[in-house]
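Participant: Take this structure, written in structure tokens, and hold onto it; I'll ask about it next.
Taken together, the values in this text are just the output of simple stated rules run on the coordinates, not laboratory data. These numbers come from a predicted model, not from an experiment. Please note: Cβ atoms are built from the backbone with ideal geometry, for glycine as well, and neighbour counts cover all protein chains shown.
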Amino acid sequence: MRYHAAPASSADGKAAKGDHLNYEFMGKAQVTAPGFEAEELRGFSRTVAEIEWLLVILVMLYQVVQGRTDESNAQIYFGLIVYSGFVISFRYFNIYRTESRWKLAIETWVMIVFITWIIYNTGRLDSPLTNLYLLTIITSALTLGKLVTLLEMALIAACYIFVGYSTTNDSLFWVTNAGNFMTLLAPMLLVAYITTMLSADIRTALTRIKIISETDELTGIYNVRAFTSLADRAHKQSIRYGHVYSIIMIDSDNLKAVNDTYGHEAGNRLLKLTVTCVQQGLRETDVFARYGGDEFVVLLPQTKADGAFEVAERIRKSIAGMPLDAHGKDVATTVSIGVASYPVNGAELAVIMNRADQALYSSKKHGRNRCSVSGDPET
């Protein structure tokens, strides 16, 4: 049996099995912490797709309403066919399989080229469709940020110059029409500025909400919801690639005693001290979360039971050697730890969590300040 015994703390906290969390829900929660960026990009991609088809529909409606039969009519339909073909092939035949901001940027650039083609064949700068550029500007401002939006504004300005210059004998910058040129661009610059500012504010707010929803307010580490999502993903990857992983459950042995004797402020400092000690013994790839009042959990990817036990022992010794300063007195602090591993201790994440919980309960039962591994005879 892999117990490393040490003098148990005199503090008497409850170690009843019912005090521990029920982990049957593990694996059922929606993923919120991992893949946030990918989910955001998928949402942006769906929006861009709708805008692309909206653009096609608007041009087709213009053609129907105008009922044009001149030679430019064929050029417009040619542009519609080519652009629709691009959207279908680029988006629905997975030419560019991975969602990224580069993909969105390419789509907006092609959108600008298409709009320029349509404007060129529907009256140039006198075309009633010049405001279609606003669709591209808004799309870029919402999804690609200030820099890319600025570059796209420059591209739109160049397209304006090209379209306008093709209708006049003046110099390239057609000074006599500069006022009209700026009048056309000014509303777009304003829309671009306002939209990028609003987008930045919204993203900042969403980031803060995301952080709040995924972290424990007191300790700053992951909370139950975030850990559930990350652990569920890690479990699925372990099944797919045949990897192992281990779960470590950690419970403070004397939080209740510290709270009762020295107050909740001292108890909060004890929790923070525990977090600091645990973090010092973990890798960047490990996932550490607070699971309840005095209970913590660690996910160790690609780690067998023996390796997890060594980590648990380092954590236990680190905490035992770091007394809490409470009202000028050094208060001994210890933790009890339980370890379970996939697939040795179970095939489901919920089972592994429960086995680690049982091992933790065994450490409590046998005197505290020790580590227990699920599957050992006395666990």
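Participant: If I model a spin label as a point 7 Å beyond the Cα along the Cα-Cβ vector, how far apart are those points for Ala49 and Arg225 in nm?
Facilitator: Output for this residue pair reads 2.7 nm.
Participant: Also, quick follow-up: Charges only on Cβ, +1 for Lys and Arg, -1 for Asp and Glu: so what's the dipole of region 220-373 about the Cα centre, in debye to the nearest 20? Present the calculation step by step, with values, prior to reporting the outcome.
Facilitator: On the way: 19 positive and 16 negative charges, 41 e Å.
Magnitude of the dipole: close to 200 debye.
Participant: What length, rounded to one decimal in nm, is gained on full extension from Met322 through to Gln280, with 0.36 nm per residue of separation minus their alpha-carbon distance? If you can, show how the numbers build up before the last one.
Facilitator: Working: separation 42, 0.36 × 42 = 15.12 nm, distance 1.25 nm.
Result: 13.9 nm gained on full extension.
Participant: About its Cα centre, how strong a charge dipole does region 210-267 have in debye, to the nearest 20, once Lys and Arg get +1 and Asp and Glu get -1 at the Cβ?
Facilitator: Working: 6 positive and 8 negative charges, 109 e Å.
Computed charge dipole of region 210-267: roughly 520 debye.
Participant: Which trypsin sites (Lys or Arg not before Pro) does region 280-379 hold that lie in a coil by DSSP with at most 13 other beta carbons within 10 Å? Present the calculation step by step, with values, prior to reporting the outcome.
Facilitator: Numbers: sites: Arg283, Arg290, Lys304, Arg314, Arg316, Lys317, Lys329, Arg355, Lys364, Lys365, Arg368, Arg370; in loops: Arg283, Lys304, Arg368, Arg370.
For trypsin sites (Lys or Arg not before Pro) across region 280-379 that sit outside H, G, I, E and B with at most 13 neighbouring Cβ atoms in 10 Å, the list reads Arg283.
Participant: Give the order of Met182, Met249, Met188, Met111 when sorted by the count of other beta carbons within 10 angstrom, beginning with the fewest.
Facilitator: Working: Met182 11, Met249 31, Met188 21, Met111 24.
Final ranking by Cβ density, sparse to dense: Met182, Met188, Met111, Met249.
Participant: Still on this structure, please answer the following. Indicate, rounded to the nearest 5 percent, the antiparallel portion of the DSSP beta bridges found entirely in region 220-373.
Facilitator: Details: 22 of 26 bridges.
Just about 85 percent of them are antiparallel.
Participant: Still on this structure, please answer the following. Among Ala257, Thr228, Ala200, which residue has its Cα furthest toward the positive end of the charge dipole of region 192-281, with +1 on Lys/Arg Cβ and -1 on Asp/Glu Cβ?
Facilitator: Farthest towards the positive pole: Ala200.
Participant: So how much slack lies between Glu39 and Lys256, counting 0.36 nm per residue of separation and subtracting their Cα-Cα distance, in nm? Write out the running numbers ahead of the final one.
Facilitator: Details: separation 217, 0.36 × 217 = 78.12 nm, distance 4.11 nm.
In short, 74.0 nm is gained.
Participant: Need the full-extension length gain, Leu190 to Leu218, defined as separation in residues times 0.36 nm minus the C-alpha distance. One decimal, nm.
Facilitator: Numbers: separation 28, 0.36 × 28 = 10.08 nm, distance 4.26 nm.
Length gained, Leu190 through Leu218: 5.8 nm.
Participant: Which links in Lys236/Lys364; Lys210/Lys236; Lys317/Lys365 stretch past 29 Å when you go from one Cα to the other? Please list the in-between numbers first.
Facilitator: Details: Lys236/Lys364 31 Å; Lys210/Lys236 23 Å; Lys317/Lys365 19 Å.
With Cα atoms farther than 29 Å apart: Lys236/Lys364.
Participant: If you don't mind, another one. What number, in percent, do you get for the relative contact order of region 220-373 if the mean sequence gap of Cα pairs under 8 Å and at least 6 apart is divided by its residue count? The partial results should precede the final answer.
Facilitator: Numbers: 274 pairs, mean separation 44.7, N = 154.
Averaging sequence separation for qualifying contacts and normalising by length gives 29 percent for region 220-373.
Participant: For the residue pair Lys304 and Ile81, what label-to-label distance in nm results when each label sits 7 Å from Cα along the Cα-to-beta-carbon direction?
Facilitator: Computed distance between label sites Lys304 and Ile81 equals 6.5 nm.
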